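The values are calculated or read from the model by the stated rules, or taken from the named source; none is laboratory data. Quick caveat: nothing in here was measured; it's all calculated off a predicted structure. All Cβ positions, glycine included, derive from the backbone under ideal geometry; neighbour counts span all protein chains shown.
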Amino acid sequence: MSIEVLSLAGLIGAIVQLGGCVLLVTLFALLRRHAGRRSYFSSWGSAWLALMLAITAIVFRYNILPTLVTASSLEGRSEVQALHFFYQSGKLIYLVLLAVGTAEYAVGFRSRVWVRGAVALSILYAGASVAVSDRITDLVVFQAPLAVSIFVYCSVTLLRLPHPRRSLGSRVTGVVFAMMAALWVIYFGAFGMPQFGIANMSTAATLVVSFNTYLDLVLQMLLGFAMVLVFMEDAKREVDDAHAELAIAHDRLRRAALYDTLTGALNRRAFAQGVGLEAAKATFGTVAMLDMDNLKFVNDSSGHSSGDETLRYLVSVMREALRPSDRIYRWGGDEFLLVLPGAKPDAVLNRVESILAAAHPLQLKAARDPVRLVASYGAAEFGSGEDLLGAIDRADAEMYKHKHRRRTPRSTPSVA
(Lines give C-alpha, C1' and ligand atoms only; values in the text may rest on other atoms or scores of the structure.)
Protein backbone atom coordinates (compact mmCIF):
# COMPACT_ATOMS: atom_id res chain seq x y z
CA MET A 1 0.00 0.00 0.00
CA SER A 2 1.45 3.37 -1.01
CA ILE A 3 2.10 5.72 1.85
CA GLU A 4 1.23 8.71 -0.36
CA VAL A 5 -2.40 7.78 -0.77
CA LEU A 6 -4.75 7.43 2.15
CA SER A 7 -6.51 4.12 2.13
CA LEU A 8 -10.26 3.82 2.15
CA ALA A 9 -10.04 2.88 5.82
CA GLY A 10 -8.08 6.06 6.44
CA LEU A 11 -10.65 8.19 4.62
CA ILE A 12 -13.50 6.70 6.61
CA GLY A 13 -11.44 7.01 9.77
CA ALA A 14 -10.91 10.73 9.17
CA ILE A 15 -14.67 11.23 8.92
CA VAL A 16 -15.25 9.19 12.09
CA GLN A 17 -12.51 11.12 13.88
CA LEU A 18 -14.16 14.36 12.80
CA GLY A 19 -17.43 13.13 14.29
CA GLY A 20 -15.65 12.38 17.57
CA CYS A 21 -14.16 15.88 17.63
CA VAL A 22 -17.57 17.41 16.96
CA LEU A 23 -18.92 15.44 19.93
CA LEU A 24 -16.12 16.68 22.20
CA VAL A 25 -16.46 20.28 21.03
CA THR A 26 -20.21 20.15 21.68
CA LEU A 27 -19.70 18.62 25.13
CA PHE A 28 -17.10 21.20 26.14
CA ALA A 29 -19.28 24.03 24.78
CA LEU A 30 -22.22 22.84 26.89
CA LEU A 31 -20.08 22.58 30.01
CA ARG A 32 -18.18 25.80 29.37
CA ARG A 33 -21.03 27.94 30.68
CA HIS A 34 -20.54 26.22 34.03
CA ALA A 35 -16.75 26.50 33.97
CA GLY A 36 -16.74 29.92 35.63
CA ARG A 37 -13.17 30.97 36.37
CA ARG A 38 -11.70 27.65 35.23
CA SER A 39 -9.64 28.96 32.33
CA TYR A 40 -7.97 25.57 31.86
CA PHE A 41 -11.28 24.08 30.75
CA SER A 42 -11.77 26.87 28.21
CA SER A 43 -8.26 26.25 26.85
CA TRP A 44 -8.89 22.53 26.53
CA GLY A 45 -12.22 23.21 24.82
CA SER A 46 -10.51 25.58 22.38
CA ALA A 47 -7.92 22.87 21.69
CA TRP A 48 -10.65 20.44 20.61
CA LEU A 49 -12.15 23.15 18.40
CA ALA A 50 -8.77 23.70 16.71
CA LEU A 51 -8.40 19.95 16.15
CA MET A 52 -11.91 19.72 14.70
CA LEU A 53 -11.11 22.48 12.20
CA ALA A 54 -7.83 20.77 11.28
CA ILE A 55 -9.53 17.44 10.61
CA THR A 56 -12.26 19.25 8.68
CA ALA A 57 -9.55 20.53 6.33
CA ILE A 58 -8.25 16.98 5.79
CA VAL A 59 -11.73 15.58 5.18
CA PHE A 60 -12.38 18.35 2.68
CA ARG A 61 -9.00 17.72 1.03
CA TYR A 62 -9.46 13.99 0.49
CA ASN A 63 -13.24 13.55 0.37
CA ILE A 64 -14.66 16.68 -1.23
CA LEU A 65 -11.95 18.50 -3.18
CA PRO A 66 -11.36 15.62 -5.65
CA THR A 67 -15.03 15.85 -6.67
CA LEU A 68 -14.75 19.60 -7.28
CA VAL A 69 -11.46 19.73 -9.22
CA THR A 70 -11.12 17.91 -12.54
CA ALA A 71 -7.32 17.97 -12.63
CA SER A 72 -5.64 14.57 -12.87
CA SER A 73 -3.36 15.40 -9.96
CA LEU A 74 -4.01 17.71 -7.04
CA GLU A 75 -0.44 17.76 -5.80
CA GLY A 76 1.06 21.23 -5.80
CA ARG A 77 -2.21 23.06 -6.32
CA SER A 78 -2.80 26.17 -4.23
CA GLU A 79 -6.06 24.76 -2.87
CA VAL A 80 -4.25 21.72 -1.51
CA GLN A 81 -1.47 23.81 0.01
CA ALA A 82 -4.02 26.09 1.66
CA LEU A 83 -5.90 23.12 3.15
CA HIS A 84 -2.65 21.52 4.34
CA PHE A 85 -1.60 24.82 5.93
CA PHE A 86 -5.00 25.05 7.63
CA TYR A 87 -4.65 21.46 8.84
CA GLN A 88 -1.10 21.91 10.09
CA SER A 89 -1.94 25.18 11.87
CA GLY A 90 -4.97 23.62 13.54
CA LYS A 91 -3.02 20.59 14.77
CA LEU A 92 -0.19 22.70 16.18
CA ILE A 93 -2.56 25.15 17.88
CA TYR A 94 -4.41 22.14 19.32
CA LEU A 95 -1.16 20.90 20.87
CA VAL A 96 -0.23 24.34 22.24
CA LEU A 97 -3.66 24.83 23.84
CA LEU A 98 -3.47 21.41 25.49
CA ALA A 99 -0.21 22.48 27.13
CA VAL A 100 -1.68 25.86 28.12
CA GLY A 101 -4.75 24.25 29.69
CA THR A 102 -2.62 21.77 31.61
CA ALA A 103 -0.37 24.54 32.93
CA GLU A 104 -3.43 26.56 33.97
CA TYR A 105 -4.89 23.60 35.83
CA ALA A 106 -1.65 22.60 37.54
CA VAL A 107 -0.16 25.95 38.56
CA GLY A 108 -2.78 28.53 37.64
CA PHE A 109 -0.56 29.86 34.85
CA ARG A 110 -2.28 32.34 32.56
CA SER A 111 -0.42 34.71 30.25
CA ARG A 112 -2.22 35.99 27.18
CA VAL A 113 1.04 37.30 25.74
CA TRP A 114 2.67 33.87 26.07
CA VAL A 115 -0.36 32.11 24.58
CA ARG A 116 -0.59 34.50 21.65
CA GLY A 117 3.12 34.15 21.03
CA ALA A 118 2.90 30.35 21.09
CA VAL A 119 -0.05 30.38 18.68
CA ALA A 120 1.81 32.76 16.34
CA LEU A 121 4.88 30.50 16.38
CA SER A 122 2.65 27.51 15.64
CA ILE A 123 1.25 29.25 12.58
CA LEU A 124 4.75 30.21 11.40
CA TYR A 125 5.95 26.64 11.92
CA ALA A 126 2.93 25.36 10.00
CA GLY A 127 3.69 27.68 7.10
CA ALA A 128 7.35 26.65 7.05
CA SER A 129 6.54 22.93 7.15
CA VAL A 130 4.01 23.23 4.31
CA ALA A 131 6.57 25.20 2.30
CA VAL A 132 9.07 22.37 2.74
CA SER A 133 6.61 19.64 1.79
CA ASP A 134 2.86 19.61 1.27
CA ARG A 135 2.56 15.84 1.61
CA ILE A 136 0.33 14.89 4.51
CA THR A 137 2.74 12.20 5.73
CA ASP A 138 5.58 14.71 5.94
CA LEU A 139 3.36 17.11 7.87
CA VAL A 140 2.70 14.38 10.44
CA VAL A 141 6.46 13.87 10.81
CA PHE A 142 6.89 17.62 11.36
CA GLN A 143 4.18 17.50 14.06
CA ALA A 144 5.64 14.51 15.90
CA PRO A 145 8.50 16.16 17.89
CA LEU A 146 6.21 18.91 19.19
CA ALA A 147 3.40 16.45 19.90
CA VAL A 148 5.64 14.07 21.86
CA SER A 149 7.16 16.95 23.86
CA ILE A 150 3.78 18.45 24.77
CA PHE A 151 2.15 15.13 25.62
CA VAL A 152 5.09 14.19 27.86
CA TYR A 153 4.92 17.60 29.57
CA CYS A 154 1.17 17.28 30.17
CA SER A 155 1.51 13.72 31.45
CA VAL A 156 4.35 14.49 33.87
CA THR A 157 2.65 17.67 35.10
CA LEU A 158 -0.63 15.94 35.93
CA LEU A 159 0.88 12.77 37.38
CA ARG A 160 3.19 14.77 39.66
CA LEU A 161 0.58 17.09 41.12
CA PRO A 162 0.82 17.69 44.89
CA HIS A 163 -1.05 15.08 46.88
CA PRO A 164 -4.04 17.32 47.81
CA ARG A 165 -4.58 18.07 44.10
CA ARG A 166 -4.31 14.50 42.86
CA SER A 167 -7.54 12.86 41.82
CA LEU A 168 -8.82 10.05 39.66
CA GLY A 169 -9.43 12.48 36.81
CA SER A 170 -5.94 14.00 36.90
CA ARG A 171 -4.31 10.55 37.02
CA VAL A 172 -6.40 9.19 34.14
CA THR A 173 -5.73 12.31 32.06
CA GLY A 174 -2.01 12.03 32.76
CA VAL A 175 -1.96 8.36 31.73
CA VAL A 176 -3.83 9.09 28.47
CA PHE A 177 -1.36 11.88 27.68
CA ALA A 178 1.47 9.36 28.20
CA MET A 179 -0.24 6.89 25.84
CA MET A 180 -0.60 9.63 23.22
CA ALA A 181 3.10 10.48 23.55
CA ALA A 182 4.00 6.83 22.96
CA LEU A 183 1.65 6.66 19.96
CA TRP A 184 3.25 9.72 18.39
CA VAL A 185 6.69 8.18 18.77
CA ILE A 186 5.34 5.29 16.69
CA TYR A 187 3.85 7.76 14.20
CA PHE A 188 7.23 9.45 13.83
CA GLY A 189 8.81 6.15 12.87
CA ALA A 190 5.99 4.90 10.62
CA PHE A 191 5.31 8.13 8.73
CA GLY A 192 9.00 9.01 8.55
CA MET A 193 10.21 5.83 6.86
CA PRO A 194 10.44 7.39 3.37
CA GLN A 195 12.43 10.30 4.78
CA PHE A 196 14.72 7.82 6.53
CA GLY A 197 15.45 6.11 3.20
CA ILE A 198 13.21 3.09 3.80
CA ALA A 199 11.30 2.54 0.58
CA ASN A 200 9.33 -0.56 1.52
CA MET A 201 7.19 -0.15 4.61
CA SER A 202 6.61 -3.06 6.93
CA THR A 203 3.14 -4.44 7.42
CA ALA A 204 2.97 -2.94 10.92
CA ALA A 205 3.97 0.50 9.65
CA THR A 206 1.41 0.27 6.85
CA LEU A 207 -1.33 -0.59 9.34
CA VAL A 208 -0.32 2.31 11.59
CA VAL A 209 -0.46 4.75 8.68
CA SER A 210 -3.77 3.40 7.38
CA PHE A 211 -5.53 3.21 10.74
CA ASN A 212 -3.91 6.12 12.61
CA THR A 213 -7.19 8.05 12.58
CA TYR A 214 -8.89 5.26 14.55
CA LEU A 215 -6.03 5.15 17.05
CA ASP A 216 -6.22 8.92 17.40
CA LEU A 217 -9.99 8.75 17.84
CA VAL A 218 -9.83 6.22 20.68
CA LEU A 219 -7.21 8.14 22.65
CA GLN A 220 -8.77 11.53 21.92
CA MET A 221 -12.15 10.35 23.21
CA LEU A 222 -10.49 8.94 26.32
CA LEU A 223 -8.61 12.20 26.82
CA GLY A 224 -11.71 14.34 26.30
CA PHE A 225 -13.80 12.44 28.83
CA ALA A 226 -10.88 12.33 31.28
CA MET A 227 -10.74 16.13 31.04
CA VAL A 228 -14.47 16.29 31.75
CA LEU A 229 -13.85 14.11 34.81
CA VAL A 230 -11.17 16.57 35.97
CA PHE A 231 -13.64 19.42 35.52
CA MET A 232 -16.40 17.60 37.43
CA GLU A 233 -14.04 16.77 40.30
CA ASP A 234 -12.92 20.39 40.42
CA ALA A 235 -16.53 21.57 40.42
CA LYS A 236 -17.36 19.09 43.19
CA ARG A 237 -14.52 20.45 45.32
CA GLU A 238 -15.87 23.95 44.80
CA VAL A 239 -19.39 22.83 45.73
CA ASP A 240 -18.07 21.06 48.83
CA ASP A 241 -16.19 24.21 49.84
CA ALA A 242 -19.33 26.27 49.29
CA HIS A 243 -21.36 23.84 51.41
CA ALA A 244 -18.76 24.07 54.17
CA GLU A 245 -18.90 27.87 54.07
CA LEU A 246 -22.70 27.75 54.12
CA ALA A 247 -22.61 25.39 57.10
CA ILE A 248 -20.33 27.80 58.95
CA ALA A 249 -22.55 30.75 58.05
CA HIS A 250 -25.64 28.79 59.09
CA ASP A 251 -24.02 27.90 62.39
CA ARG A 252 -23.16 31.55 62.98
CA LEU A 253 -26.69 32.66 62.15
CA ARG A 254 -28.14 29.93 64.33
CA ARG A 255 -25.88 30.94 67.18
CA ALA A 256 -26.83 34.59 66.73
CA ALA A 257 -30.51 33.64 66.78
CA LEU A 258 -30.41 31.20 69.70
CA TYR A 259 -27.61 32.52 71.91
CA ASP A 260 -27.34 35.73 73.88
CA THR A 261 -24.55 37.72 72.25
CA LEU A 262 -23.48 39.31 75.54
CA THR A 263 -23.18 36.32 77.85
CA GLY A 264 -23.12 33.34 75.48
CA ALA A 265 -26.07 31.77 77.30
CA LEU A 266 -29.04 30.39 75.39
CA ASN A 267 -31.79 32.94 74.90
CA ARG A 268 -35.56 32.84 75.28
CA ARG A 269 -36.07 31.99 71.60
CA ALA A 270 -33.87 28.93 72.05
CA PHE A 271 -36.08 27.80 74.93
CA ALA A 272 -39.21 28.32 72.82
CA GLN A 273 -37.69 26.12 70.09
CA GLY A 274 -36.71 23.42 72.58
CA VAL A 275 -32.96 23.90 72.15
CA GLY A 276 -31.10 22.29 75.05
CA LEU A 277 -34.25 20.75 76.54
CA GLU A 278 -33.83 17.22 75.21
CA ALA A 279 -32.73 15.77 78.55
CA ALA A 280 -35.28 17.80 80.53
CA LYS A 281 -38.20 16.61 78.41
CA ALA A 282 -37.21 12.99 78.93
CA THR A 283 -37.29 13.05 82.74
CA PHE A 284 -38.21 15.09 85.82
CA GLY A 285 -36.10 17.92 87.18
CA THR A 286 -36.01 21.44 88.55
CA VAL A 287 -36.05 24.90 87.05
CA ALA A 288 -34.61 27.89 88.87
CA MET A 289 -35.12 31.59 88.20
CA LEU A 290 -32.24 33.88 89.16
CA ASP A 291 -32.34 37.68 89.20
CA MET A 292 -29.16 39.70 89.75
CA ASP A 293 -30.07 42.23 92.44
CA ASN A 294 -27.15 44.63 92.26
CA LEU A 295 -26.94 45.03 88.46
CA LYS A 296 -28.71 48.40 88.52
CA PHE A 297 -26.26 49.74 91.07
CA VAL A 298 -23.29 48.56 88.98
CA ASN A 299 -24.75 50.19 85.87
CA ASP A 300 -25.46 53.46 87.69
CA SER A 301 -22.15 53.67 89.51
CA SER A 302 -19.70 52.20 87.00
CA GLY A 303 -21.43 52.29 83.64
CA HIS A 304 -23.25 49.76 81.50
CA SER A 305 -20.02 48.22 80.25
CA SER A 306 -19.29 47.22 83.85
CA GLY A 307 -22.80 45.82 84.12
CA ASP A 308 -22.20 43.77 80.98
CA GLU A 309 -18.96 42.46 82.42
CA THR A 310 -20.77 41.48 85.62
CA LEU A 311 -23.43 39.55 83.69
CA ARG A 312 -20.77 37.68 81.74
CA TYR A 313 -19.00 36.83 84.98
CA LEU A 314 -22.22 35.53 86.53
CA VAL A 315 -22.89 33.22 83.58
CA SER A 316 -19.31 31.95 83.51
CA VAL A 317 -19.43 31.15 87.24
CA MET A 318 -22.73 29.30 86.89
CA ARG A 319 -21.61 27.39 83.78
CA GLU A 320 -18.42 26.17 85.44
CA ALA A 321 -20.30 24.91 88.49
CA LEU A 322 -23.28 23.24 86.81
CA ARG A 323 -23.40 19.85 85.13
CA PRO A 324 -22.98 19.38 81.36
CA SER A 325 -26.66 18.41 81.10
CA ASP A 326 -27.82 21.62 82.82
CA ARG A 327 -28.80 24.62 80.73
CA ILE A 328 -28.63 28.39 81.31
CA TYR A 329 -31.02 30.75 79.48
CA ARG A 330 -30.96 34.52 79.62
CA TRP A 331 -34.63 35.17 80.34
CA GLY A 332 -34.61 38.96 80.55
CA GLY A 333 -32.29 41.88 81.25
CA ASP A 334 -30.86 40.55 84.52
CA GLU A 335 -32.93 37.37 84.86
CA PHE A 336 -31.68 33.87 84.05
CA LEU A 337 -33.43 30.52 83.84
CA LEU A 338 -31.64 27.35 84.93
CA VAL A 339 -32.95 23.97 83.76
CA LEU A 340 -31.51 21.03 85.72
CA PRO A 341 -32.80 17.58 84.65
CA GLY A 342 -33.06 14.97 87.41
CA ALA A 343 -32.47 17.49 90.23
CA LYS A 344 -34.61 18.33 93.27
CA PRO A 345 -35.52 21.94 94.24
CA ASP A 346 -33.83 21.91 97.65
CA ALA A 347 -30.58 20.61 96.16
CA VAL A 348 -30.74 23.22 93.41
CA LEU A 349 -31.31 26.10 95.83
CA ASN A 350 -28.42 24.96 97.99
CA ARG A 351 -26.25 24.61 94.90
CA VAL A 352 -27.05 28.11 93.62
CA GLU A 353 -26.45 29.62 97.04
CA SER A 354 -23.08 27.90 97.38
CA ILE A 355 -22.05 28.96 93.85
CA LEU A 356 -22.81 32.62 94.53
CA ALA A 357 -21.13 32.49 97.94
CA ALA A 358 -18.00 30.87 96.55
CA ALA A 359 -17.67 33.25 93.60
CA HIS A 360 -14.74 35.61 93.96
CA PRO A 361 -15.62 39.32 94.00
CA LEU A 362 -15.24 40.84 90.54
CA GLN A 363 -12.83 43.73 90.20
CA LEU A 364 -14.25 46.04 87.56
CA LYS A 365 -12.04 48.48 85.71
CA ALA A 366 -14.39 51.39 86.34
CA ALA A 367 -15.15 50.50 89.99
CA ARG A 368 -13.03 51.26 93.02
CA ASP A 369 -14.16 48.26 95.06
CA PRO A 370 -14.72 44.68 93.85
CA VAL A 371 -18.34 43.66 93.38
CA ARG A 372 -19.92 40.49 94.72
CA LEU A 373 -22.60 38.59 92.86
CA VAL A 374 -25.86 39.31 94.69
CA ALA A 375 -28.97 37.59 93.35
CA SER A 376 -32.45 36.45 94.28
CA TYR A 377 -33.55 33.00 93.18
CA GLY A 378 -36.36 30.51 93.39
CA ALA A 379 -36.85 26.93 92.24
CA ALA A 380 -39.72 24.62 91.32
CA GLU A 381 -39.91 20.99 90.28
CA PHE A 382 -41.33 19.69 87.00
CA GLY A 383 -42.47 16.15 86.40
CA SER A 384 -42.33 16.13 82.60
CA GLY A 385 -41.58 18.32 79.62
CA GLU A 386 -45.21 19.46 79.49
CA ASP A 387 -44.89 20.89 83.00
CA LEU A 388 -41.88 23.11 82.23
CA LEU A 389 -43.80 26.36 81.69
CA GLY A 390 -45.83 25.87 84.85
CA ALA A 391 -42.66 25.13 86.82
CA ILE A 392 -41.08 28.33 85.46
CA ASP A 393 -44.04 30.39 86.70
CA ARG A 394 -43.77 28.79 90.13
CA ALA A 395 -40.00 29.33 90.26
CA ASP A 396 -40.50 32.97 89.25
CA ALA A 397 -42.95 33.45 92.11
CA GLU A 398 -40.50 31.84 94.54
CA MET A 399 -37.75 34.13 93.29
CA TYR A 400 -39.81 37.24 94.07
CA LYS A 401 -40.60 35.87 97.52
CA HIS A 402 -36.90 35.42 98.09
CA LYS A 403 -36.24 38.95 96.85
CA HIS A 404 -38.71 40.41 99.35
CA ARG A 405 -37.17 38.42 102.19
CA ARG A 406 -33.71 39.72 101.48
CA ARG A 407 -32.44 42.20 103.99
CA THR A 408 -30.19 43.98 101.51
CA PRO A 409 -32.21 46.37 99.30
CA ARG A 410 -31.88 45.88 95.54
CA SER A 411 -30.28 49.30 95.07
CA THR A 412 -27.60 48.76 97.70
CA PRO A 413 -24.34 47.29 96.44
CA SER A 414 -22.53 44.47 98.08
CA VAL A 415 -18.80 45.00 98.08
CA ALA A 416 -16.02 42.78 99.23
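So is residue 347 exposed (fewer than 15 other Cβ atoms within 10 Å of the Cβ), of a type in the set (A, V, I, L, M) and either outside the structural domain of residue 272 (by TED's automatic domain parsing) or not in a strand (DSSP E or B) (or both) or not? Working first, answer last.
Numbers: exposed (fewer than 15 other Cβ atoms within 10 Å of the Cβ): yes; of a type in the set (A, V, I, L, M): yes; either outside the structural domain of residue 272 (by TED's automatic domain parsing) or not in a strand (DSSP E or B) (or both): yes.
Yes, satisfied.
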Can you tell me how many residues within the range 148-180 are in contact with an Asp or Glu (Cβ under 9 Å, 6 or more places away or on another chain) and farther than 16 Å from residue 40 by Cβ? 2
Does the range 127-145 contain any residue that is of a type in the set (D, E, K, R) and more than 26 Å from residue 57 (Cα to Cα)? no
The correct count of residues that are in a helix (DSSP H, G or I) and over 21 Å from residue 311 (Cα atoms) in the range 351-391 is 7
If you go through the range 236-281 one residue at a time, how many are free of Cβ contacts under 8 Å to residues at least 40 places away in the same chain and part of a strand (DSSP E or B)? 1
Restricting attention to the range 289-331, the residues that are assigned to a loop (DSSP other than H, G, I, E, B) and more than 43 Å from the chain's Cα centre (by Cα) number exactly 3
Counting only residues in the range 359-381 that are crowded, with 20+ Cβ neighbours inside 10 Å and within 51 Å of the chain's Cα centre (by Cα), the one nearest to residue 403 (Cα to Cα) is identified as 373
All but one of (1) surrounded by fewer than 16 Cβ atoms within 10 Å (Cβ to Cβ); (2) more than 30 Å from residue 121 (Cβ to Cβ); (3) at pLDDT below 90 hold for residue 162, so report the exception by its number. (3)
Do we find that residue 146 is assigned by TED's automatic domain parsing to the domain that holds residue 61, buried (at least 16 other Cβ atoms within 10 Å of the Cβ) and of a type outside the set (S, T, N, Q) in this structure? yes
